[in-house]
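K.L.:
Before I ask anything, here is the structure I am working with.
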Amino acid sequence: PTAPQPAAKPGILGRLLGQTAPEARREFDDAMLESLEEVLIAADMGVETALRVAANIAEGRMGRRVTATEIREALAAEVARIMEPVARPMPLYPKRPQVVLVVGVNGSGKTTTIGKLASQFKAAGKSVVIAAGDTFRAAAVEQLQVWGSRAGVPVLTAPEGSDPASLAFDAMGRAQDSGADLLLIDTAGRLQNRADLMEELTKIVRVIRKKDPEAPHNTLLVLDATTGQNALAQVEIFRKLADVSGLVMTKLDGTAKGGVLVALADRFGLPIHAIGVGEQIDDLSPFDPDDFARALVG
Ligand code: GDP
């Protein structure tokens, strides 16, 4: 009667505990530890993190009779404990403009996230300017213009194929002259040619520093949570290309694989400033470690 029911419930523990009555007791033995390790790895927590989390749960429970509720609560607490230090909103500085460089691979949700951020800051009474720095993707520029008009925020563009650094420089000037609070700069996400991308990002940073030596004040890496372990590789890559200061995790609405956030927090400790929970303009939320842990554990 305690056989796990595959995919009986969303969330990690649905897979482990299946239809087990919440208060039924069973012995925490090696087999249970192994199943726990397996479901944590399957949930994209990464092997290292999964094994350690499972070991922490097992500690003091091995050989004891435990309930599903106890395991569920212990796991949620363990996940929340790992996530708490990284749950930090993007810091705001009195600097005008505060420059936010947004990086990430194409398809991760950069454009959408910039639209959502612009809308949130605008709603909070800030004046915002967007620079459509991915000048090689006409579709991205158009999409940003759509988001800009939805948010009521100007979007500065340059002709297709032109130098993104020159656009960024002009955008800095415009944002400074107009006394804007925030300048959000989109960037290209073509990883096919990493040397080019690095050169492009380095050049953007170099020219905006001519106008403000402290810019960019934030470098946000946008990651698609549904890509699982790939997200870890992307952090490794982008940390070499830019001085990443925080993460936005997108598409958390569409995945049972949010476990990768635990691996990210554990491995890199970079703050998670916000999470994308849908395709609409309001679908960007602060990252709440307890809500996340409960949803993940299921
Ligand atoms: P970019 O290439 O990185 O600029 O990515 P886009 O912003 O164009 O997003 C790629 C796709 O992901 C689009 O279809 C978006 O609607 C979708 N998307 C972005 N963020 C989210 C999110 O938080 N949840 C969901 N479900 N879809 C998202």
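K.L.:
Is at least one residue of region 245-258 at pLDDT 95 or above and over 18 Å from Val102 (Cβ atoms)?
P.N.:
no
K.L.:
Continuing with this model, one more query. Would you check which residues across region 247-264 are open to solvent by 10 Å² or more (accessible area, probe 1.4 Å), more than 11 Å from the ligand (Cβ to nearest atom) and either in a helix (DSSP H, G or I) or not basic (Lys, Arg) (or both) and list them?
P.N.:
Listed by number, the list holds a single entry, Ala256.
K.L.:
Somewhere in region 161-184, is a residue crowded, with 19+ Cβ neighbours inside 10 Å, closer than 17 Å to Asp134 by Cα and modelled with pLDDT under 95?
P.N.:
no
K.L.:
Given the conditions (1) farther than 23 Å from Ser178 by Cα; (2) free of Cβ contacts under 8 Å to residues at least 40 places away in the same chain; (3) in contact with a Lys or Arg (Cβ under 9 Å, 6 or more places away or on another chain), and given that Ala139 satisfies all but one, which numbered condition is not satisfied?
P.N.:
It is condition (3) that Ala139 fails.
K.L.:
Okay, next question. Conditions first: (1) crowded, with 16+ Cβ neighbours inside 10 Å; (2) at pLDDT 95 or above; (3) of a type in the set (Gly, Ala, Ser). Ala140 passes all but one, so which condition is the exception?
P.N.:
(2)
K.L.:
Same structure again: When you look at Glu199, is it in contact with a strand residue (DSSP E or B) (Cβ under 9 Å, 6 or more places away or on another chain), surrounded by fewer than 24 Cβ atoms within 10 Å (Cβ to Cβ) and among the charged types (D, E, K, R), yes or no?
P.N.:
Values: in contact with a strand residue (DSSP E or B) (Cβ under 9 Å, 6 or more places away or on another chain): no; surrounded by fewer than 24 Cβ atoms within 10 Å (Cβ to Cβ): yes; among the charged types (D, E, K, R): yes.
No: the conditions fail for Glu199.
K.L.:
Here are the criteria: (1) aliphatic (A, V, I, L, M); (2) at pLDDT below 95; (3) within 13 Å of the ligand (Cβ to nearest atom). Tell me which single one Leu223 does not satisfy.
P.N.:
With respect to (1) aliphatic (A, V, I, L, M); (2) at pLDDT below 95; (3) within 13 Å of the ligand (Cβ to nearest atom), Leu223 is out only on (2).
K.L.:
May I pose another question? Pick from Val153, Val102: which is within 16 Å of the ligand (Cβ to nearest atom), farther than 30 Å from Gln192 by Cα and either more than 24 Å from the chain's Cα centre (by Cα) or open to solvent by less than 40 Å² (accessible area, probe 1.4 Å) (or both)? It would help to see each step written out before you state the result.
P.N.:
Numbers: Val102 fails: farther than 30 Å from Gln192 by Cα.
Answer to the check: Val153.
The values are calculated or read from the model by the stated rules, or taken from the named source; none is laboratory data. Since this is a predicted model, take the numbers as computed values, not measurements. A quick note on method: Cβ atoms are made from the backbone with ideal geometry, for glycine too, and the neighbour counts reach across all protein chains shown. Please note that ligands, DNA and RNA were not included when accessible areas were found on the heavy atoms of the full protein model with its side chains. Shrake-Rupley method; radii C 1.70, N 1.55, O 1.52, S 1.80 Å.
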